Structure formats: C-alpha cells, structure tokens
Amino acid sequence: MSEDQNRRRGPVLIELDAPEKPTTGTGPRHESRGDGPNPADAPPIDEASLTLPRPRTMEMVTRLVGRPPSALTRFFINSGVALFTFLLSIAALDFINRLLDSYPVLGWIGIALFAMFTLAALGMAWREYRAWARFARIDAIQRQAGAALADDSMDKARQATDQLLALYRKRPELEWNLKRLAEARGDVFDARSLLTLAETELLAALDQEARREIEAASRTVAAATALIPLALADVAAALAANLRMIRRMAEIYGGRAGAVGGWRLARTVMTHLVATGAVAAGDDLIHTVAGGGVLAKLSRRFGEGVVNGALTARVGIAAMEVCRPLPFMAQPRPKVGNLVTRGLRGLFGSDAPDR
C-alpha cells in the first residue's frame with residue numbers, strides 16, 4: 001500500500017498539442033519560438049535600384065556616324081552635288097568668257113586659278129584613293145593572317161609577314177624592330193609563332209601609342225559632357241574627338257584617312273562594333289558604368305561623362321581591331337576600365353608612365 005500511495009503523490013505530466021497559428025502572406029511557413037512575430041515571415045524589403053546615367057551624348061554620336069543613309073538619301077545627295085557642280089562650272093566658264101572679252105589679262109588669271117583648283121581637286125581625289133588602297137593592304141594582311149591561323153599554314157604566315165614588313169618599311173621608328181624580325185623569322189617553323197613574333201616586334205609599340213590616343217579621347221569626351229552646359233555642344237565635341245581618334249588609329253597602324261575616308265572609316269568602325277556585339281556592357285564595361293552611377297549621385301553630368309568616356313574607349317578598341325594588321329595574340333587586348341581610369345587620372349594632372 002505504501003508504494004502505491006507514493007506513486008499516486010508524484011507529479012503527473014500531461015502533454016497538450018499546441019494550437020496551430022494561421023499563416024499570413026505567401027512566404028513559406030517557419031516555426032517560431034514564443035508568441036512574438038517571426039522575422040522570417042516578414043515581407044522582403046525592396047532594395048533601391050541604382051539609377052545609371054544615360055549616355056545621351058555618345059548615343060547621338062553613334063546615331064550620326066553609324067546609321068547609313070538610305071538609297072533615296074544617297075540619290076538625293078549625289079544628284080544635288082552633281083547639279084551644283086555642273087551649274088557652278090557653267091557659271092564659272094561664262095564668267096571667264098565675259099572676263100576675257102572685257103579684260104583679257106584678268107580672264108587669263110581666272111583661267112589659271114580655275115586650273116589650279118582643278119588640279120587641287122584631282123590631287124585630293126588621288127590622296128583619297130591612295131588612303132583606301134593602304135586600307136585595302138591592311139585588310140589583305142588581316143585576311144591572310146586569319147587564314148594562316150585557321151589552317152596552320154606556314155606559307156600564308158610568311159606571306160602575311162612579308163606584307164607587314166613592306167607596310168612598315170618606311171617607318172623610321174620601327175627600323176630596329178624590322179631588323180630584329182627579319183633576323184629572327186628564319187628560326188621559327190610554326191605559323192602562330194611567326195605571327196606572334198611579328199606582333200611582338202612591330203605592333204607592341206604601336207599598341208601603346210594607340211592606347212594613349214584612346215585615353216586622350218575618353219578624357220576629352222568625359223570633360224566635354226561634364227563641363228559643357230549647352231545641349232548640342234557636347235555632342236559636337238564628342239563627335240570631333242571620336243573622329244580624330246579613329247583617324248589617329250589609322251595613322252598609327254599604317255593607314256591614311258582623308259576627309260571622306262575618315263567618315264567612311266568611322267562608319268566601318270561602328271559597323272564592326274555592332275557586328276561583334278561589343279555594344280553590350282561586358283565585364284570590362286560594367287564596373288565603369290556602375291562607377292558612373294555612383295558618381296551620378298554627386299553630379300549627374302559628371303556621371304554621364306564617365307559613361308560617355310567608357311563608350312568612347314569601347315569605340316577606340318573597335319578602331320584598333322579594324323586598323324590593326326594582326327589580331328591580338330601575344331599582346332593583351334585593351335580593357336575599357338583601364339583606359340578610362342588612366343584617362344580620368346590624366347584629367348586631374350597625373351601622367352604616370354605606362355607599366
């Protein structure tokens with residue numbers, strides 16, 4: 001009996017099932033301790049998206065340069081230029097004839113000036129033809145080098161190297177490099193190695209000069225966008241800076257660009273930019289664009305200038321790929337972030353040497 005009484009006097013534990021609490025919201029149900037609200041059931045907080053500045057200046061420049069005219073527009077321009085030239089020539093000849101009848105000496109002076117103008121026009125046309133002939137040579141070297149790399153053909157690589165030596169034979173700053181390439185090319189028996197040797201000896205120094213031109217153009221466009229308050233003045237400054245940069249790319253790598261040729265080369269660069277998909281923001285551009293978005297919180301114009309400078313650097317890299325006789329193999333391809341960083345650093349007076 002004593003043992004039964006002790007068992008009855010002991011504590012008794014009765015387990016009761018806790019009532020289920022209704023869940024609210026669409027999120028998953030989480031177990032909570034106590035009766036307080038569970039932080040896991042709280043709705044997510046929308047993060048404030050970073051507003052990136054829109055590169056309106058470079059968008060306008062790309063639209064002006066990259067958009068080809070329609071067939072009707074070309075017909076209108078060509079017929080207008082032909083009509084104006086015809087009417088101007090008839091008026092000039094009629095004026096010279098009347099001048100010969102009235103004042104023979106002045107008439108002969110007019111004939112001499114008209115002949116000089118005609119010779120000057122023919123000379124400019126010849127210069128434009130020679131400029132595009134040099135571009136045709138560079139394009140032929142590019143195709144020959146690409147075929148040599150694709151087929152691993154030593155003969156095609158030698159032909160591309162010979163054409164490259166002929167292209168830079170009259171460049172005094174490359175005289176020592178030309179001699180080194182001529183001496184070392186006999187010891188190479190592989191197509192890629194021969195083209196890599198030619199790229200290292202001849203194009204490495206030209207690449208550094210091209211990088212400095214791109215940095216200067218990016219700095220100019222960024223400063224023009226940030227400091228010029230007028231609506232179309234920054235577009236004109238950016239257009240002039242990009243055209244000058246593209247012309248300098250051609251001159252650095254052995255080409256020539258005249259008045260008409262420079263505009264056609266700019267259109268070729270823009271077409272290459274679109275065809276290769278380089279317009280989209282890649283890894284080398286996204287950090288610069290994000291940096292422009294941060295700076296836009298301090299100054300909208302300065303943030304837009306940084307993004308415009310980055311797009312100018314992208315145009316410069318495309319111009320390098322178009323004007324460069326060989327593709328990038330041993331030499332590193334320039335990156336937008338590095339070019340813009342060095343360009344903006346030069347804007348504030350720091351001109352550290354290249355490393």
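Does residue 257 qualify as being within 11 Å of the chain's Cα centre (by Cα), modelled with pLDDT under 75 and either under 27 Å from residue 164 (Cβ atoms) or part of a helix (DSSP H, G or I) (or both)? In short, no.
Count of the range 145-181 residues, restricted to those that are assigned to a loop (DSSP other than H, G, I, E, B) and either closer than 14 Å to residue 191 by Cα or in contact with a Pro (Cβ under 6 Å, 6 or more places away or on another chain) (or both), is 2. Against the condition out of contact with any Leu (no Cβ under 7 Å at 6 or more places or on another chain), exposed (fewer than 11 other Cβ atoms within 10 Å of the Cβ) and not aliphatic (A, V, I, L, M), how does residue 102 come out, does it pass? Yes: the conditions hold for residue 102.
Cβ-Cβ distances below 6 Å connect the following pairs, each with a first residue in the range 228-240 that is over 20 Å from residue 263 (Cα atoms), a second residue that is at pLDDT below 80, and a separation of six or more residues or different chains: 228/234.
For every residue, the table says whether it meets (1) touching a strand residue (DSSP E or B) at 6+ places or on another chain (Cβ under 9 Å); (2) under 30 Å from residue 304 (Cβ atoms); (3) modelled with pLDDT of 85 or more.
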| position | (1), (2), (3) |
| --- | --- |
| 194 | no, no, yes |
| 197 | no, no, yes |
| 208 | no, yes, yes |
| 211 | no, yes, yes |
| 227 | no, yes, no |
| 230 | no, yes, no |
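Scanning the range 222-229 finds one or more residues that are in a loop (DSSP other than H, G, I, E, B) and over 21 Å from the mean Cα position of the chain (by Cα). Considering only residues in the range 90-130 that are β-branched (Val, Ile, Thr) and touching a helix residue (DSSP H, G or I) at 6+ places or on another chain (Cβ under 9 Å), the one that is nearest to residue 262 (Cα to Cα) turns out to be 111. Among the numbered conditions (1) within 23 Å of residue 147 (Cβ to Cβ); (2) out of contact with any helix residue (DSSP H, G or I) (no Cβ under 7 Å at 6 or more places or on another chain); (3) of a type outside the set (Ser, Thr, Tyr), the only one that residue 179 does not meet is (1).
Taking the numbered list (1) without any contact (Cβ under 8 Å) to a residue 40 or more places away in the chain; (2) of a type outside the set (Gly, Ala, Ser); (3) under 19 Å from residue 249 (Cα atoms) in turn, residue 167 passes all entries but (1). Name, by its number, the condition in (1) buried (at least 18 other Cβ atoms within 10 Å of the Cβ); (2) at pLDDT below 80 that does not hold for residue 318. So the condition that residue 318 fails would be (2).
Matching residues to (1) among the small types (Gly, Ala, Ser); (2) surrounded by 16 or more Cβ atoms within 10 Å (Cβ to Cβ):
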| residue | (1), (2) |
| --- | --- |
| 168 | no, yes |
| 175 | no, no |
| 185 | no, yes |
| 194 | no, yes |
| 199 | no, yes |
| 203 | no, yes |
| 207 | no, yes |
| 210 | yes, yes |
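More than 15 Å from the chain's Cα centre (by Cα), within 29 Å of residue 262 (Cα to Cα) and either part of a helix (DSSP H, G or I) or at pLDDT below 80 (or both), is that true of residue 344? So residue 344 fits the description; yes. Taking first residues from the range 179-200 that are more than 15 Å from residue 156 (Cα to Cα) and partners that are of a type in the set (Gly, Ala, Ser) and not in a helix (DSSP H, G or I), the Cβ contacts under 7 Å between residues at least 6 apart in sequence or on separate chains come to 199/330; 200/330.
If the condition is being farther than 17 Å from residue 142 by Cα, part of a helix (DSSP H, G or I) and in contact with a helix residue (DSSP H, G or I) (Cβ under 7 Å, 6 or more places away or on another chain), then the range 183-200 contributes 184, 185. Scanning the range 76-93 finds one or more residues that are part of a helix (DSSP H, G or I) and surrounded by 13 or more Cβ atoms within 10 Å (Cβ to Cβ).
The values are calculated or read from the model by the stated rules, or taken from the named source; none is laboratory data. All figures in this text were calculated on a predicted structure; none of them were measured in a lab. So basically every Cβ, Gly included, is an ideal-geometry build from the backbone, and we count neighbours across all protein chains shown.
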